[in-house]
Amino acid sequence: MIFWENQKIIRALYTQCTKPVCIRFGLTQMEYDIMMFLHNNPQYDTAADIVKTRMLTKSHVSAALKALEDKRYIERSHRNGNRKSVHLKITDAAESVVIAGENAQKNFAGKLFKGFSDAEFAQCRALFSRMCENARNGIQLEV
């Protein structure tokens, strides 16, 4: 199914658009992706959320979070005396990274959806959302 092979082209474009940000701020692609995930999805603010939602390995997420913490781009905290759950927050020191990251993501979206009408973009989003939901449900059924 060539359709699925083409998703690699989309990922390559995304990497091309975000690589300058990674280079500028000394980030790996994983560190960048996690930081922008936290920025774009503040409701998911734990390492477990990142692992589950992005379907990444715990060890890779843990290593990236440690590096981001060492760079002072994120900080960890506990809420309401709960010492088990560690919540993640992007720090003020990461503001330049986030702004550059947002610009890179806008550049990527502009290239990917060039020539799409608002209706076509909305339809694409809805269909992709359904595909992702079906995939997640399919994975859960087989586990």
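Results, tabulated for the structure shown:
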| item | result |
| --- | --- |
| 20 Å tail of the calculated P(r), the chain, as % of Cα pairs | 57 percent |
| Between helix 7-25 and the chain: long-axis angle, C-alpha atoms, 0 to 90°, nearest 10 | 40 degrees |
| Value of relative contact order over the chain, rounded to a whole percent, pairs C-alpha under 8 Å and six or more apart | 23 percent |
| Computed helical MRE - 222 nm, the chain, DSSP H runs ≥ 4 contributing -39500 (n - 2.57), nearest 500 | -22500 deg cm²/dmol |
| Using a Förster distance of 22 Å, the FRET efficiency for GLU120-PHE37 (Cβ separation, nearest 0.05) | 0.25 |
| Gap separating the Cα centres of region 68-142 and region 20-51, nearest whole Å | 8 Å |
| Gaussian network model of the chain, springs between alpha carbon atoms under 10 Å - residue of ASP70, ASP92, ASP118 with greatest fluctuation | ASP118 |
| Only Lys, Arg (+1) and Asp, Glu (-1) charged, at Cβ; region 28-143 dipole about Cα centre in debye | 280 debye |
| Distance (nanometres) between label positions extended 7 Å along Cα→Cβ at ILE139 and VAL86 | 2.3 nm |
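The numbers here are math on the coordinates, done by the rules we state, and not lab data. None of the values given here were measured: they were computed from a predicted structure. No Cβ is skipped: glycine too gets one built from the backbone with ideal geometry, and neighbour counts run over all protein chains shown.
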